[in-house]
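Engineer: This is the structure I want to talk about, given as structure tokens.
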2 protein chains.
Amino acid sequence: MEKKLPSSISELQTPCCLVDIDKIKENASRMRHWCEQNGIKLRPHMKTHKTIEGGDILTNGSRRKIVVSTLKEAEFYADNGFDDILYAYPLTKDKLERCCQLMNRLELFHIYVDGSYGVEMLTKTAPPEGKKWSVYLGLDNGDGREGVLWDKEEGVELAKQLYMSTNINFQGIYSHEGQSYNSSNPNEIRQTGKEAHLRLMAFVEKLQAAGVPCPEYSMGATPSCSQPDDTMKTVTEFHPGNYVFYDAMQAAKGSCNEANIACRIATRVIGHYPEKNHLLIDAGFLALSFDGKDAQSGGYGMTVQGHPELRIFKMTQEIGFIQAKEGTLDFEKYAVGSMIFIYPYHSCASAALFPEYIVHSSGNIVGTWKTVNGW
Amino acid sequence: MEKKLPSSISELQTPCCLVDIDKIKENASRMRHWCEQNGIKLRPHMKTHKTIEGGDILTNGSRRKIVVSTLKEAEFYADNGFDDILYAYPLTKDKLERCCQLMNRLELFHIYVDGSYGVEMLTKTAPPEGKKWSVYLGLDNGDGREGVLWDKEEGVELAKQLYMSTNINFQGIYSHEGQSYNSSNPNEIRQTGKEAHLRLMAFVEKLQAAGVPCPEYSMGATPSCSQPDDTMKTVTEFHPGNYVFYDAMQAAKGSCNEANIACRIATRVIGHYPEKNHLLIDAGFLALSFDGKDAQSGGYGMTVQGHPELRIFKMTQEIGFIQAKEGTLDFEKYAVGSMIFIYPYHSCASAALFPEYIVHSSGNIVGTWKTVNGW
């Protein structure tokens, strides 16, 4: 049963996830131009927006060269004519069959391993007929997540095994400098990006010294790709994803300005509680997510557009509780029934809670985009 | 594109949300029997499971007398033959039109107001032809959420206005003793339930003294309804919801035993990192939710079934990081590729992240249940 879409934002049913297509285009274009100017291939990550329309904008209409975080995403994009898809996720045996199906459907489907388990599995397993496993090796260059450690020899040995295997096309190194999320301003972001880049390049040099050609060496956190240090121009590939929307966290860390945030949760004031000095909105943890808990003193990290004096300090499943950051709330400014807009703390977490986005351009609603959730 | 469902749990694609239908039936039956024995009407809340099949079990097949938290849920249940639906959510003007549609479709559709805004709106707005607004008044009996305050006169005045309005059938009082979630054992739960009940009854007596008949006075938090104090037998209606699944939080607080938890996230070990003393699983914050952050020292509140020695200490979008609660992880016990099962900290938050559940009985997969997400 399709609900009729109103023409104006103020008539929307709340809560809903509002997406500004003009801002997405600006964010996409800024990243693309920097990459083009510096001869870096851009392989945008789809995990933040999870839509075909967003993928079209981020790939500039090519529908080629993307990263995904789930096989469901890979299949969704393959179903819609996308190709050259990298499934950048530590691969295990249980997921091989779906990978083989994707390899048979697509011209280029790349997989990813994060250590010895994956390397051993792939070197010992026959790929689909007429194909080779096309493999990226994950590198931990200081983030502490998955991947081989940049300063240990084991990673070089594993890359060598991938390169030497007749089953495998070794594509190169995939790194994610997630530590850039610990920065609090553009200078710190650039410094972190520079260090992560140095580690990546040190590892690539070791590969070359060991006689292992490394076609691609990529970086991809949104902070460091949005505020790139000049030295990062030597990598071959960027793979950020959050920059499609950005969010309150990225703005707080200096990856972007608040004006760049392309995704907001529209919600309405549904109650005044002067005796408790708080008001209620019709978005709780199922619309906003719990990401960002304690990111702001006495509250969650998400922010209310145009209202720096407010913070969300509590959530139940379907209700958010808002108080003044200091002193008494001036209830007259926020009438019951009026709409307010929340910048999610982390758009990857909040956007995924919505089965579709309401898309607008210059304040006019232009349609809805369906997302691919689940696994 | 339907994925073929394997017959055995060990062959499932992970992550997925596993639901034990036998445990749901036990949980439903235990609550129903206590209510029947004590002459209390049971109006189960649908917000935790959000499925038709779960609704059938909780209403013992009647498809009558339920509570919902969103209009999407109300419409979903109405579409599937459920009736006598209470939309227990602070009502605002923007949601009235969909309420009117539901009133026209159903025999009984009850709405809820939490204060003067809602009372004023309903007394001044004509209901659909031939109908009256059927209204519950929310009462805050110590929880600090929405509703009129139990110890203030304003609530009595508002109830009177509802009762006196010719537009309105005043149904009674809806209270939610959410403070019972602060308890840490069954005795504390019963004590909290008793206090909340005393406050509810004090308010109801004030209504009677003011000449306002109050047909229903209801309570409904899962802890206090699962470990009810004997005094609570005087209420007319129970409306808990989480007891369908329970979760790690409810078990930790003493609402239930771990053996009663009917919902688990099945996930696989996807990486060993002995040098960092942690392992990875294929469930991150999009499968588990961030609810329960810091609920356990050094980690999230969810627990790994059969492995009290483990805790989840970090999550990215699609990956969970597990360490030993103390000392070094014995990696041999958790082979890469092997399945482990996570009890969600808060099943309302985790289950909602899955578009469907995999349902099993005595270890055999018996089908999938689709959920109603969004608003």
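Read-outs: derived from the displayed coordinates by stated rules, not from any lab. Owing to the predicted nature of the structure, the values given are computational and were not obtained by experimental measurement. Here the Cβ positions follow ideal geometry from the backbone for every residue, glycine too, while neighbour counts run over all protein chains shown.
Engineer: With the crude spin-label approximation of a point 7 Å out along Cα→Cβ, what separation in nm comes out for B:LEU96 versus A:GLN305?
Structural biologist: Using points 7 Å along Cα→Cβ, the separation is 2.7 nm.
Engineer: Okay, next question. From the mean inverse distance of alpha carbon pairs (Kirkwood) and the Cα radius of gyration, derive Rg over Rh for chain A.
Structural biologist: My calculation of the ratio gives 1.01.
Engineer: Follow-up question, since we're still on this one. What lysines sit close enough to B:LYS206 to cross-link, taking a C-alpha to C-alpha distance under 17 Å and skipping anything fewer than 8 places away on the same chain?
Structural biologist: B:LYS152, B:LYS160
Engineer: Just grab the label-to-label distance for B:LYS131 and A:SER8, each label 7 Å out from Cα along the Cβ direction, in nm (one decimal).
Structural biologist: Computed distance between label sites B:LYS131 and A:SER8 equals 2.7 nm.
Engineer: Give the residue from B:HIS272, B:GLN305, B:MET339 lying farthest towards the positive end of the charge dipole for chain B; charges sit on Cβ (+1 for Lys and Arg, -1 for Asp and Glu) and the dipole is referred to the Cα centre.
Structural biologist: Going by the Cα projections, it comes out as B:MET339.
Engineer: Please list 3J(HN,Hα) in residue order for the range A:356-369, calculated via the Karplus relation 6.51 cos²θ - 1.76 cosθ + 1.60 where θ = phi - 60°; whole Hz, with x for glycine and proline.
Structural biologist: Here the 3J(HN,Hα) series is 7, 10, 9, 9, 9, 9, 6, x, 9, 6, 10, x, 10, 10 Hz.
Engineer: Once amide H atoms are built 1.01 Å from N in the peptide plane, which residues 5 or more positions from A:GLY142, or in another chain, come under 5 Å H to H?
Structural biologist: For A:GLY142, whose amide H was placed from the backbone, the distant partners under 5 Å are A:TRP150.
Engineer: Among B:285-298, B:315-328, A:135-148, what's the highest-first ranking by average C-beta atoms within 10 angstrom per residue? Each step should come with its number before you reach the end.
Structural biologist: Details: B:285-298: 20.0, B:315-328: 18.1, A:135-148: 23.6.
The peptides rank, most packed first, as A:135-148, B:285-298, B:315-328.
Engineer: Same structure again: 7 Å from Cα along Cα→Cβ at both B:LYS160 and B:SER297: what's the point-to-point distance in nm?
Structural biologist: Result: 5.5 nm between the two label points.
Engineer: Let me confirm one metric for peptide B:271-278, namely the mean number of other chain beta-carbon atoms within 10 Å of its residues' beta-carbons.
Structural biologist: Working: counts 13, 3, 8, 0, 3, 5, 0, 1.
Mean inter-chain Cβ contacts per residue within 10 Å come to 4.
Engineer: Treating cross-link reach as a plain straight distance, find the lysines whose alpha-carbon is under 19 Å from the alpha-carbon of B:LYS72, omitting any fewer than eight places away in the same chain.
Structural biologist: Counting by Cα, and skipping residues close in sequence, B:LYS72 has these lysines nearby: A:LYS3, A:LYS4, A:LYS370, B:LYS47, B:LYS50, B:LYS93, B:LYS95, B:LYS370.
Engineer: In the Gaussian network model of chain A, springs joining C-alpha atoms below 10 Å, which of A:TRP34, A:TRP150, A:TRP133 carries the largest mean-square fluctuation?
Structural biologist: Its mean-square fluctuation being the largest, the pick is A:TRP34.
Engineer: Peptide B:279-287: average number of partner chain Cβ atoms within 10 Å per residue?
Structural biologist: The mean count of partner-chain Cβ atoms within 10 Å per residue comes to 4.
Engineer: Using a Förster distance of 22 Å, how high is the FRET efficiency between B:ASN182 and B:ALA259, based on the Cβ-Cβ distance and rounded to 0.05?
Structural biologist: Here the calculated transfer efficiency is 0.40.
Engineer: Based on DSSP H runs of at least 4 residues, each adding -39500 (n - 2.57), what is the mean residue ellipticity at 222 nm of chain B after dividing by all its residues, to the nearest 500 deg cm²/dmol?
Structural biologist: Per the formula, -8500 deg cm²/dmol.
Engineer: Using a Gaussian network for chain B with springs between C-alpha atoms less than 10 Å apart, which of these wobbles most: B:GLU153, B:GLU75, B:GLU237?
Structural biologist: B:GLU153
Engineer: A further question on this structure: Could you derive backbone 3J(HN,Hα) for the range B:134-146 from the dihedral phi with the Karplus parameters 6.51, -1.76 and 1.60 (θ = phi - 60°), listing whole Hz in sequence and x where the residue is Gly or Pro?
Structural biologist: 9, 10, 9, 9, x, 10, 8, 9, x, 6, x, 8, 8
Engineer: Can you give me the C-alpha center-to-center distance between the range B:175-217 and the range A:145-216, rounded to a whole angstrom?
Structural biologist: Rounded to whole Å, the Cα centres lie 60 Å apart.
Engineer: Shifting gears a bit: Give me the lysines in straight-line cross-link reach of A:LYS325: C-alpha distance below 24 Å, same-chain residues under 8 apart excluded.
Structural biologist: Once the sequence-local lysines are set aside, what remains near A:LYS325 is A:LYS253, A:LYS276, A:LYS293, A:LYS314, A:LYS333, B:LYS293.
Engineer: Another question, then. Taking just the alpha carbons, could you work out the radius of gyration and Dmax for the protein assembly as shown, both in angstroms?
Structural biologist: So, for the protein assembly as shown, Rg and Dmax equal 26.8, 91 Å respectively.
Engineer: Under 8 Å for C-alpha pairs, at least 6 residues apart: give me the relative contact order for chain A, rounded to a whole percent.
Structural biologist: 20
Engineer: Something else about it: Applying 1/(1 + (r/R0)^6) with R0 = 60 Å to the Cβ-Cβ distance of A:ASN167 and B:THR234, what FRET efficiency is obtained, to the nearest 0.05?
Structural biologist: Taking R0 as 60 Å, the efficiency between A:ASN167 and B:THR234 is 0.25.
Engineer: Using 0.36 nm per residue of separation minus the Cα-Cα distance, give me the extension gain between A:ASN80 and A:ASN38 in nm, one decimal.
Structural biologist: 12.1 nm
Engineer: Same structure, new question: When B:SER347, A:SER255, A:SER8 are ordered from fewest to most other Cβ atoms inside 10 Å of their Cβ, what list results? Walk me through the intermediate numbers first.
Structural biologist: Values: B:SER347 30, A:SER255 27, A:SER8 10.
Listing B:SER347, A:SER255, A:SER8 from fewest to most nearby Cβ atoms yields A:SER8, A:SER255, B:SER347.
Engineer: If amide H atoms are built 1.01 Å from N in the plane of the peptide, which residues on other chains or at least 5 residues away come under 5 Å of the amide H of B:ILE365?
Structural biologist: Here B:ILE9 satisfy the definition.
Engineer: Using a 10 Å cut-off around each Cβ of peptide A:316-322, what is the average number of partner chain Cβ atoms that fall inside?
Structural biologist: On the way: counts 7, 10, 9, 6, 0, 3, 0.
The per-residue average across the peptide is 5.
Engineer: Would you pull out the residues with amide H under 5 Å of A:LEU108's amide H, same chain only if 5 or more places away, H placed 1.01 Å from N?
Structural biologist: Residues meeting the criterion, in which the H sits 1.01 Å from N, are A:ASP84, A:ILE85.
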